[in-house]
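What follows draws every value from the coordinates through simple rules; no lab data is involved. All values reported here derive from a predicted model rather than from experimental measurement. Because the Cβ atoms are built from the backbone with ideal geometry, glycine has one as well, and the counts that use them run over all protein chains shown.
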2 protein chains.
Amino acid sequence: MQAVSPLAQRIAILGVGLIGGSLAAALRRAGAVAQVVGYSPNDDARVARALGHLDVACDSVAEAVAGAAFVVVAAPVTAMPELFAQVRDVLGAQAILTDCGSTKRSVIDAARRVLGDAFLRFVPGHPIAGSERSGPQAADPGLFRGRRWLLCPVDSTPQQHCEAVKRLLGTVGAQVSTLDPALHDKVFAEASHWPHAVAFGLSAAIAGGELAGQALEFSGAGLRDTTRVGASAPAMWADILLDNRDACLASAARFRASNEAIVAALEARDRDALLAILSTASRWRNQLG
Amino acid sequence: MQAVSPLAQRIAILGVGLIGGSLAAALRRAGAVAQVVGYSPNDDARVARALGHLDVACDSVAEAVAGAAFVVVAAPVTAMPELFAQVRDVLGAQAILTDCGSTKRSVIDAARRVLGDAFLRFVPGHPIAGSERSGPQAADPGLFRGRRWLLCPVDSTPQQHCEAVKRLLGTVGAQVSTLDPALHDKVFAEASHWPHAVAFGLSAAIAGGELAGQALEFSGAGLRDTTRVGASAPAMWADILLDNRDACLASAARFRASNEAIVAALEARDRDALLAILSTASRWRNQLG
């Protein structure tokens with residue numbers, strides 16, 4: 001038991017994979033909440049309980065949510081509409097609901113459609129942390145330390161609820177700020193979702209080529225890094241790309257143009273054109289540190 | 001001074017950037033050669049000398065090569081024909097010449113054209129190690145430890161010369177093996193050169209888009225890794241891509257097909273097709289560890 005007084009008696013985490021499991025572990029370590037309970041439709045919650053990340057692995061959404069001051073949905077974006085429907089009927093009158101989805105407009109649309117009056121107590125969220133690994137076995141209580149956690153409230157979301165979620169997430173070391181949901185989805189298509197698609201696409205191209213085995217054998221750090229997130233969970237990423245389809249297609253179009261320009265310069269043996277593209281790339285990437 | 005007796009009295013390294021500087025530093029640390037000298041057409045050799053990586057920074061190729069048992073060309077592939085021409089006239093009668101170029105067919109063609117009889121003492125090489133950083137400031141004596149270093153001899157290359165280079169490189173911790181030059185270039189187009197082009201292309205697309213600033217601000221580990229080698233030296237990589245053009249265009253065609261298949265699945269909202277590509281990618285990438 002930590003010396004700090006808990007922010008809440010009970011928090012329920014719905015979906016206890018990498019993100020939900022890491023949040024549970026981090027909250028328990030911080031002593032920020034007296035009791036951290038979780039629910040998952042699969043074995044994840046029991047695994048997380050066995051690993052010491054949860055106080056209780058619940059058998060249903062209703063059991064998990066009962067008495068919880070905060071409910072965090074850390075499930076795939078496609079599972080959220082159904083989870084919201086289950087949460088709606090059991091959410092406490094003062095409880096605050098938030099999520100960890102990588103896209104925000106579709107999650108907000110689903111919440112608005114399903115939650116009824118409880119939509120006013122929904123604070124859309126997105127932790128900018130992750131790993132190509134997944135599941136509660138990969139959970140890490142330090143995953144959010146020093147990392148950004150975005151809240152994407154809509155006009156009707158009360159400021160006080162955002163502040164409550166921000167205090168909660170501050171206890172696990174996250175740097176919390178807000179971003180407009182529509183801009184969020186465009187920025188993350190560009191900075192995360194389409195780059196994942198590129199890593200998947202490059203990995204699939206090599207996997208399907210005649211040199212797939214030799215590429216593994218002679219891989220260096222460049223190939224490993226460029227393709228790293230191509231090892232991520234395929235179903236989760238198919239859903240994220242489909243969920244943020246329009247913004248991803250816009251990012252894809254920019255990438256296609258850039259890729260085709262490199263191919264054209266190479267075909268034409270146009271060193272100046274090639275160097276111009278590579279220099280633009282390198283200047284930008286060097287800003288990333 | 002180390003306890004081991006040196007393999008050679010003197011080694012000359014022509015081009016003292018990341019690779020040449022790291023090799024110099026590693027050889028000095030290993031005590032494998034009594035004297036490590038270097039030459040560069042720019043300040044790199046003097047910088048490497050000041051950093052303690054070289055015993056002597058020479059003022060010319062002739063000064064560096066005189067009396068050297070091994071000569072290692074660690075210059076950009078485009079600079080090699082001219083360097084070979086300078087080496088030819090001063091290479092000792094027993095000296096062995098090797099290179100560190102990322103492509104092999106064009107380097108071998110240049111060596112065959114330029115070196116005359118000394119071509120029999122040329123052992124084409126390629127260390128599978130690197131960094132997005134460059135220059136002697138980035139040199140690391142541990143760069144080659146446990147990493148592969150490929151030798152790509154042609155039919156006329158004497159086995160004893162390959163063995164001599166292998167013993168030398170073993171002292172810096174490299175795992176030396178041989179690969180056919182033509183296969184080498186195809187494998188490295190697939191496993192290194194085109195993946196670099198993809199990282200450059202993705203970086204250039206983001207750099208040229210309206211969200212370039214926000215993508216930097218909200219970047220996570222996924223974007224950082226996928227684009228990391230996009231920060232590499234543009235001129236060096238333009239030359240590598242042009243030098244290995246045909247194999248790179250073959251890899252580019254496979255990548256384009258894979259990328260277009262992802263875009264098409266997304267446009268058609270075809271989750272099964274998308275999942276199939278992402279699963280192929282993830283299975284292959286997970287073999288890379």
Quiz item: For segment A:183-287, what's the radius of gyration and Dmax over Cα atoms, in angstrom?
Solution: 15.3, 42
Self-check item: For B:235-245, mean number of other protein chain Cβ atoms within 10 Å
Solution: 4
Quiz item: Taking a label point 7 Å from Cα toward Cβ, how far is B:A66 from its twins in the other copies, in nm, shortest first?
Solution: 9.2
Quiz item: For chain A, treating each Cα as an identical point scatterer without solvent, what Debye log10 I(q)/I(0) comes out at q = 0.08, 0.11 1/Å?
Solution: -0.39, -0.69
Exercise. Considering only chain B, pick the residue with its Cβ nearest the axis of the rotation onto chain A, and state the distance in whole Å.
Key: B:D225, 2
Exercise. Show which lysines lie in cross-link reach of B:K166 when reach means a straight Cα distance below 20 angstrom and same-chain residues fewer than eight apart are skipped.
Key: B:K104
Quiz item: If you line up the long axis of helix B:271-287 against the longest principal axis of chain B, both from Cα atoms, how many degrees apart are they, to the nearest 10?
Solution: 20
Self-check item: For chain B, calculated [θ]222 nm from helices alone, where every DSSP H run of n ≥ 4 adds -39500 (n - 2.57)
Solution: -15000 deg cm²/dmol
Quiz prompt | Translational diffusion coefficient (Stokes-Einstein; Kirkwood radius from C-alpha pairs) of segment A:176-229 at 20 °C, 1.002 mPa s, in µm²/s | solution = 166
Quiz item: Hey, in the GNM for chain B with a 10 angstrom Cα cutoff, which one of B:D59, B:D180, B:D225 fluctuates hardest?
Solution: B:D225
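Using a ≥ b ≥ c from the Cα gyration tensor of segment B:105-252 (square roots of the eigenvalues), is it rounded, prolate or oblate, where a/c under 1.5 gives rounded and otherwise the larger of a/b and b/c decides, a/b for prolate?
Values: a/c = 2.76, a/b = 1.82, b/c = 1.51.
Judged from the Cα gyration tensor, segment B:105-252 comes out prolate (a/c at least 1.5, a/b above b/c).
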Quiz prompt | Overall dimensions of segment A:1-78 as given by Cα atoms, namely Rg and Dmax in Å | solution = 11.3, 39
Practice problem: Return P(r) of the protein assembly as shown (all Cα-Cα pairs; 20 Å bins starting at 0; whole %; ordered from short to long distances). | Solution: 20, 43, 27, 10, 0
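Rounded to two decimals, what is Rg over Rh for segment B:8-179 when you use alpha-carbon atoms and the Kirkwood radius? Could you put the intermediate results ahead of the total?
Working: Rg = 14.1 Å, Rh = 15.4 Å.
Rounded to two decimals, Rg/Rh equals 0.92.
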Quiz item: So what's the angle, to the nearest 10 degrees on a 0 to 90 scale, between helix B:105-114 and the longest Cα principal axis of chain B?
Solution: 30
Quiz item: Quick one: helix B:159-170 against the long Cα principal axis of chain B, what's the angle to the nearest 10°, folded into 0 to 90?
Solution: 70
Quiz prompt | Across the identical copies, how the A:A85 labels are spaced - nm, sorted shortest first, 7 Å along Cα→Cβ | solution = 7.7
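Please state the shape class of segment A:49-131: rounded when a/c is under 1.5, otherwise prolate if a/b exceeds b/c and oblate if not, all from the C-alpha gyration tensor. Each step should come with its number before you reach the end.
Details: a/c = 1.80, a/b = 1.13, b/c = 1.59.
Cα axes put segment A:49-131 in the oblate bin.
Which number do you get for Rg(Cα) / (2.2 N^0.38 Å) in segment B:106-193? Each step should come with its number before you reach the end.
Working: Rg = 13.9 Å, N = 88, 2.2 N^0.38 = 12.1 Å.
Dividing the Cα radius of gyration by 2.2 N^0.38 Å gives 1.15.
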Quiz item: In peptide B:259-268, how many Cβ atoms from other protein chains are near each Cβ within 10 Å, on average?
Solution: 5
